[in-house]
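The values are calculated or read from the model by the stated rules, or taken from the named source; none is laboratory data. Everything quoted here is computed from the prediction, not taken from an experiment. No Cβ is skipped: glycine too gets one built from the backbone with ideal geometry, and neighbour counts run over all protein chains shown. Just so you know, the surface numbers come from the protein's heavy atoms only, side chains and all, with ligands and any DNA or RNA stripped out. Shrake-Rupley method; radii C 1.70, N 1.55, O 1.52, S 1.80 Å.
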Amino acid sequence: MRNITFNSLMFLLVSCNVLAFMRFDAVNVFYIGKFVLVLCCTVFILIYLATQKKKIRMTPYSRMMPLIFYLWVVVMCLGLTNGTSIGDIVSMGMTIFSYIMLFGFAIVLLPNYVSYENKNYAEIVRIFYFAILFSIGVSIVAGFGDPKSFHLDPYSLRNRYLACFQHPNSLGLYAFLGSVVSIIMHSLGRSRLYLLTVPFYLTLIVMSGSRTALYTVIAMLLIFMLKRILYTGMLLVLKYPFIFFPMLACLLFGMLTIVDRATLLEAVDKALSNRISIWSGLLERNESLLNFIIGQGTLKTDESMDNYYLVVLTSTGFLGLAMFVIMLMNTFYGLLKQFNETPSKTLGMIIAMMISLALYSFTESVMFTLGNAASIFLWSSVGICFQDVRIIRRMQESGGAQPSYAITVT
């Protein structure tokens, strides 16, 4: 009964998350529902841990993350001083609370529940697989025969397919996520039939005209195919950042000196649908040095949703962006180190997805947000990966084999 309840809540959570991006009359219900369902899942796991008298455990790979995240939240709270009314402060406080909920659910609570219940990671992925397939299927059926299912892009004059989504890029994003979970299901040793949905999702990405989704899914597949070479190199870079980062900075500076920067910037701006011009205008809104340090507050970043790093920069300043990047690098390092010790196709795919979403977030706000199923799936997978370290080491110390549900099984 407990397993059915949990799976049902998770399925509804993912489905509501996707449906909230569609053009239904009840879209506000889905929008509110996705946050309520995260809260329900969180309460469900807390009740389970309390009634079963289970302790919340953190592994060595994830112990630094709460500290870094705490410092990031402190910087966010400093942004509350930008509020001019009680309503502003409440609105900004709710945004901060959503970040805390995502971290607590994905990094702390869900991994502990999976570990204590001996749940198979494939069960979590399967929920996302069918929830995304169901939601996109509903969107296609609901948008069938509707002229609004196609959108003429004013920048590129492309006729883009969006089904019943509010924007073609949303269809591209969730088709990208559908491709990821399909490949992971196969890498976990499940039937090859799961791969049949990959061409379906790739077709939707092409029809949606989402260049970001298309380029990142290609990059993800290339990273996955070259994972052993790339991950070894990335691990060295993150292990010795004071050596490699200055070298990379010098290389980048050297490349910029031999090209016409104005022409390059204009070409990139055009390729990104004039996003660079928009970003420059947003950065110019900083009214003081304090805005650059601690940001303008989460309430004043509605127009900058096309770049997650710019969202963090404008809302929490350079201090907040530094905390987020450190947390991101710490997570990358932990995953790469774990892959180096216990390599597997599934862990390799999760790392490839994280790199791809990090690139995706330069043109879409998807990296760390409670209102996006891709972000929830990524950080939940990261939390479960880190929880696996404890399981595997305990089995190795006792002379036993790795459990069948561990992500890092070779």
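Cβ-Cβ contacts under 8 Å between residues 6 or more apart (or on different chains), taken from a first residue in the range 219-241 that is open to solvent by 60 Å² or more (accessible area, probe 1.4 Å) to a second residue that is polar (S, T, N, Q), are listed as T232/N340. Restricting A122, A175 to those that are assigned to a helix (DSSP H, G or I), over 30 Å from Q296 (Cα atoms) and touching a Lys or Arg at 6+ places or on another chain (Cβ under 7 Å) reduces the list to A122.
One residue is enough: does the range 251-259 have a residue meeting the conditions open to solvent by less than 80 Å² (accessible area, probe 1.4 Å), part of a loop (DSSP other than H, G, I, E, B) and at pLDDT below 80? Within the range 251-259, one or more residues are open to solvent by less than 80 Å² (accessible area, probe 1.4 Å), part of a loop (DSSP other than H, G, I, E, B) and at pLDDT below 80. Only one entry in E303, E287 is modelled with pLDDT under 80, in a loop (DSSP other than H, G, I, E, B), surrounded by fewer than 18 Cβ atoms within 10 Å (Cβ to Cβ) and over 19 Å from the mean Cα position of the chain (by Cα), namely E287. Among the residues in the range 346-364, are any among the polar types (S, T, N, Q), modelled with pLDDT of 70 or more, farther than 22 Å from V18 by Cα and not in a helix (DSSP H, G or I)? No; the residues of the range 346-364 include none that is among the polar types (S, T, N, Q), modelled with pLDDT of 70 or more, farther than 22 Å from V18 by Cα and not in a helix (DSSP H, G or I). Within the range 146-162, at least one residue is at pLDDT below 95, of a type in the set (G, A, S) and over 23 Å from I384 (Cα atoms).
For the range 137-158, name all the residues that are open to solvent by 10 Å² or more (accessible area, probe 1.4 Å), touching a residue at least 12 places away in the same chain (Cβ under 8 Å), more than 16 Å from S15 (Cα to Cα) and not charged (D, E, K, R). Within the range 137-158, F150, H151, Y155, S156 qualify.
Across the range 25-77, the number of residues qualifying as free of Cβ contacts under 8 Å to residues at least 12 places away in the same chain, in a helix (DSSP H, G or I) and charged (D, E, K, R) comes to 0.
Figure legend. Inter-residue proximity from the range 305-324: first residues more than 15 Å from I96 (Cα to Cα) and free of Cβ contacts under 8 Å to residues at least 60 places away in the same chain, second residues open to solvent by 10 Å² or more (accessible area, probe 1.4 Å) and among the charged types (D, E, K, R), beta-carbon distance below 6 Å, spacing 6+ or different chains. Indicated pairs: D306/R275. Of the numbered criteria (1) crowded, with 18+ Cβ neighbours inside 10 Å; (2) under 17 Å from the mean Cα position of the chain (by Cα), the one G79 fails is (2).
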